[in-house]
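Just below is one structure, and these are the notes that go with it.
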Amino acid sequence: EVWKPRAALTPPIPPILQQQTTTSLPSPPVPETNGTEDADDEEIDENDPLWKATLALTLGNRKEALKLLEDPDSLMQYPEIKKIMESGNDSNEVGDSWENMEALSSQLSAVAISAEVTPIDSINQLKDDSANSPKAPASSNFVTAEEDGEALAEQSEVVEGDPREHLNIVFIGHVDAGKSTLSGSILYLMGQVDARTIERFEREAKQRNRESWFLAFILDTSEEERAKGKTVEVGRAHFETEKTRYTILDAPGHKNYVPNMIAGATQADVGVLVISARKGEFETGFEKGGQTREHALLARTLGVQHLVVVINKMDDPTVEWEQARFEECVGKLKPYLKQVGYVIKKDVKFVPISGLNGCNVLNEVKPEKCSWWRGLYTSGAHNTFTPTLLATLDSLVISDRHPDGPLRIPVLDRYFERGCVVLGKVESGTVRVGDELVVAPTRKKAKVEEIVIGDNKVRSAKPGENVLLKFALNVEDVQKGYVLCTSGSLCTAVTEIKVQLALVDMLEHRPIFSPGYDCVMHTHTVEIEVHCAELIGVIDKGKPMRRPFARTGQVCIARLVMPLHTCMETFERMPSMGRLTLRDEGKTIAIGKILEILQK
């Protein structure tokens, strides 16, 4: 038999089928019968009331009756069919029939279309919805067009925002440290992924001869990522505890994808620096050229307030939960983290874990495996007072969030879906439905039609929330790096700024920073080329001294010029939008802050 897409219905067609809306889902393909219906007749019970009623509706046309049976949404518009289905509710014998599969397919399609939801998230959402709802009769799988519209209207009801605090967590570290596996482990332990999906990923990983990668497949969804075992794009997923709502940002670890890592870190409130305890892997990541150093530096520069350092792979045969290895890693990391600007006794915590087995992620590792950890955290060693990673995250307090401040929402992305939908994080202020916002630097005005957080439409969003905002704008009117603000407090658009830079690692063939130096600047969601127009001075003993150039390890003050007007704020006014990073030839050469806006 040859399968082909279902052809349009041919006369006679029941009148009600001619009134179907264009939004109804296409029916599944049906096999071509080559002019015979013997195969279908063998599977049909001629005494089945549903078959008799369907045959009567099509005036005895068996071919059209079969096609109508494959479109349950249309079928249930007939009172006769609905009555038959309701009469059979008491049997409770409906299993995984094709009607159920059609309904499931419709739900999966609807969920998969929504923004930032992966196919795995879609399955989990359906699982959670079914688990939390009361048992419905068998006929609830069939939904009329009117009932479907009412259900969608209920789902799109605008609600108040969740009062729990929201935190963005970015997982950073050297390639192969176990970031994606740890992210997947958290989602599985928190019930965001079902066991059947995990089993499927285990089979797929085994086929690729990479049995330990199965948890990473939860967020590494592309074929390239799964084949190479390397994250390319920033994976995004959500989970929540009783106290806090979290968004996971799984950043790539390879040096070729540092710009993608920066895009994830700009949205983050908390960084989880994943370190491999396996002999040789920690040394490779931490030595010069490893991404452990650069990621920690970028996280601090991009405004990540708290850093939780997880020493992963403690169950590896080369480690076996040895306290000496844990202390060795911690001892080498502390001086560097202090050097990049973290206050160790305030901003940094250390937790030993096994992301693959889930030890110390949600539940504390058993004493027979690790006898020394309980005594360590109960004494508050290494600024850690909680036994597990999730307990540590719940204990963090985020400061410097100002819901009454000037509204600032840097644009991360935008797309068109019945209007212009803008993705961004609220850095300051509060946005509400009906507010008239200004798009800086173009100064186009637009009214907020919808605000979506996660899967819920809300009336308002406060600082720290990742939001989808819908406007009546053309998608070309908004670009990545633009900033949404209010007319009463516009974000400054500039072409020239005065900055303070710490030169961390200049290129070997360009070892000095001087007037005329060109590189790429990253600040909030902006990535733009800049030109050093003037080296105002090099900081020497706390004072700027006039020098013709600056070298690695020095701090200087410079005047940078940009080819386009770019939205920025001074560090003193708004730290989250006043930090910057300079990169050249794929390498971070300097970090800094904006001291002054020179030309608007």
With a cut-off of 8 Å between alpha carbons and a minimum separation of six or more residues, what is the relative contact order of the range 258-389 in percent?
23
Scan around His306 for amide H atoms under 5 Å from its own, H built in the peptide plane at 1.01 Å from N, and keep only partners 5 or more places away or cross-chain.
Gly271
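Can you check what the net charge comes to around Asn383, using other residues whose Cβ is under 9 Å from the Cβ of Asn383 (Lys, Arg +1; Asp, Glu -1)? Walk me through the numbers before you get to the answer.
Working: positive: Lys345, Lys346, Lys349; negative: Asp347.
Charge balance in the 9 Å sphere: +2.
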Given H placed on each backbone N at 1.01 Å, which residues far from Ile536 in sequence or on other chains put an amide H within less than 5 Å of it?
Ile557, Ala558, Arg559
Can you spot the lysines whose alpha carbon is less than 22 Å from Lys332's alpha carbon? Ignore those fewer than 8 places along the same chain.
Lys179, Lys255, Lys279, Lys288, Lys313, Lys345, Lys346, Lys349
Cα atoms only, the range 279-368: Rg and Dmax in Å?
13.6, 40
Expressed as a whole percent, how much of the Cα-Cα distance distribution for the range 425-552 exceeds 17 Å?
68
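Sort Lys345, Lys243 by accessible area with a 1.4 Å probe, largest first.
Numbers: Lys345 180, Lys243 110 Å².
Descending accessible area places them as Lys345, Lys243.
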Whole-Å distance linking the alpha carbon centroid of the range 46-82 with that of the range 293-326 is 62
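The values are calculated or read from the model by the stated rules, or taken from the named source; none is laboratory data. Every value quoted in this text rests on a predicted model; they were computed, and no experiment measured them. With ideal geometry, Cβ positions are generated from the backbone for all residues, glycine too; neighbour counts draw on all protein chains shown. Note: areas computed on protein heavy atoms with side chains; ligands, DNA, RNA excluded. Shrake-Rupley method; radii C 1.70, N 1.55, O 1.52, S 1.80 Å.
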